[in-house]
Amino acid sequence: MPSDFNKKVYILPKLQKGNYNTLMKLISPKLSDPALFRLHVLTHYYKHGYKSSIDAFDVKKSTLYDWKRIFELSGKRPVSVVPRSTRPHSTRMMVTDGRLVEFIKQMRKEYGNIGQNMIKPFLDLYAKKLGIPTIGLTTIAKVIKRRRLTFESKVYVKRKFKFKKLRTRRSPKVTSPGFTQMDSIVVYINKEKHLFMSVMDIYTKYALVECVSGLSSLTAKKVFIKFKDLSPTPISIVQTDNGSEFLGSFHQETEKLGIRHQFIYPRLVKVNSFIERFNRTIQEEFILRNDDIYYNIDSFKNKLTRYLIWYNYQRPHSSLKYVSPMQFINTLIPKSG
C-alpha cells in the first residue's frame, strides 16, 4: 500500500565530531536547502545538458562542473553535495603580554575571584608603568576564562541557624551621606563560631568590620563609636535589626549622640539589604580566605585592618561607578578657589 507522503532516504556519512551543521543541512526537509538545490540542478543537467542548466538556474559553468565532479567521485551520494564549512583553517589568535596575564593571575589569587571591572584600573596602572599597551575589559574576561584563572570555588557556610535572605519593598533612597546600617555576622568554620560586627554608610559605601568575642550591646556600642570616629562623613541615622545587641547601651549611646536609631520590622528585614550584601562580600573576599582565623587571631585582625584600608581607599565599587569609597567622598567635597 503506497504511503500518503513521499519519503526521503539519505545515506548518512561518517560525521566527524562537531560536524553538527552538516547533519542538520542533510536532514533538513526544506526545498530551499542548498543540497536539494544542487541535486535538482544536477538532475536537470543529466537530462538536458549544461546549457539548459546554466540558463535555468543561473549558475556558472565552472560551479556546475565542480558539483558534478564531487557528486560523481562520491558514487552519486546525495550527501556529497552538502556545502562544506567555509571557516578558514587559520584564524586570528589572541595574543596578550605574559606580564599582564601574570598580573591578572596574582590579583585573583590575592583578592579572590574579583571581576574584570575591578582588575582594570590596577592593570592600567601596571601597563603604564611597564610602558606597554593595556587591554580592555572583554580581553581581561577572556584571559580569565581561557586560562582558567579561577582558583576558588564558592564556599558554602553551614550556619547553626538558617537566616532568611533580607529583602526590601522600599529600599532606602538616599542622596547624601549619613544613612548608616549596622549588623552582626555569625560564621561557622569547621564547627567553630566566629562573630563580627559590620557598619556601613549606604551612600558612600565606607565600611568597618570588627572581629568580636560576643554580641552584646556594649560591644555594638564600641564598634559604632569607632566607626563614627573613623568615618569621614557625619552620621544622622543608624538602622539595625531587632537583635538584643542593638538595645541597651547601644541605643542609649545613639540617643546621647543625637543620632536617630531606626529599627526594621520583625521578619521584614528588607531595608538592611545594603549591609547584608556587604557582609557577604567581606566573607567571600576575606574571612573565609584567611587561615589565621584558626591559628593566630591577632594576625587575623591585623590583616582585616589592612583589607579594610584597601576596601575603603582603593577597591573599585560597581555601585560607585568603579571608584573607591574615599575617592567618591572626595568628589563630594567642594573645591575651594
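The values are calculated or read from the model by the stated rules, or taken from the named source; none is laboratory data. Note that this is a predicted model, so its numbers are computed, not measured. Because the Cβ atoms are built from the backbone with ideal geometry, glycine has one as well, and the counts that use them run over all protein chains shown.
Worth a mention:
- Residue count, region 176-193 (criterion: part of a strand (DSSP E or B) and either surrounded by fewer than 20 Cβ atoms within 10 Å (Cβ to Cβ) or among the hydroxyl-bearing types (Ser, Thr, Tyr) (or both)): 8
- Test for Gly75: is it surrounded by fewer than 16 Cβ atoms within 10 Å (Cβ to Cβ), under 16 Å from Thr139 (Cα atoms) and not assigned by TED's automatic domain parsing to the domain that holds Asp291: no
- Of all residues in region 119-135, exactly one satisfies the criterion of being within 16 Å of Val95 (Cα to Cα) and either surrounded by fewer than 11 Cβ atoms within 10 Å (Cβ to Cβ) or not assigned by TED's automatic domain parsing to the domain that holds Arg108 (or both), namely Pro133.
- Here Lys173 fits the description: closer than 27 Å to Met326 by Cβ, modelled with pLDDT under 95 and not in a strand (DSSP E or B).
- In region 172-192, the count of residues that are assigned by TED's automatic domain parsing to the domain that holds Ser324, touching a residue at least 24 places away in the same chain (Cβ under 8 Å) and of a type in the set (Lys, Arg) is zero.
- Some residue of region 243-250 being aromatic (Phe, Trp, Tyr) and out of contact with any strand residue (DSSP E or B) (no Cβ under 6 Å at 6 or more places or on another chain): yes
- Counting only helices (runs of 4 or more DSSP H) wholly contained in region 245-337, the ones carrying 2 or more residues that are buried (at least 17 other Cβ atoms within 10 Å of the Cβ), on the phi < 0 side of the Ramachandran plot and within 26 Å of the chain's Cα centre (by Cα) occupy 273-285, 297-313, 325-332.
- Here Tyr65 meets the list (1) closer than 30 Å to Asp124 by Cα; (2) at pLDDT 90 or above almost entirely, failing just condition (1).
- Scanning region 202-244 for residues that are touching a Pro at 6+ places or on another chain (Cβ under 7 Å), touching a residue at least 40 places away in the same chain (Cβ under 8 Å) and buried (at least 18 other Cβ atoms within 10 Å of the Cβ) yields a count of 4.
- Residue among Lys193, Lys228 that alone is of a type in the set (D, E, K, R) and at pLDDT 95 or above: Lys228
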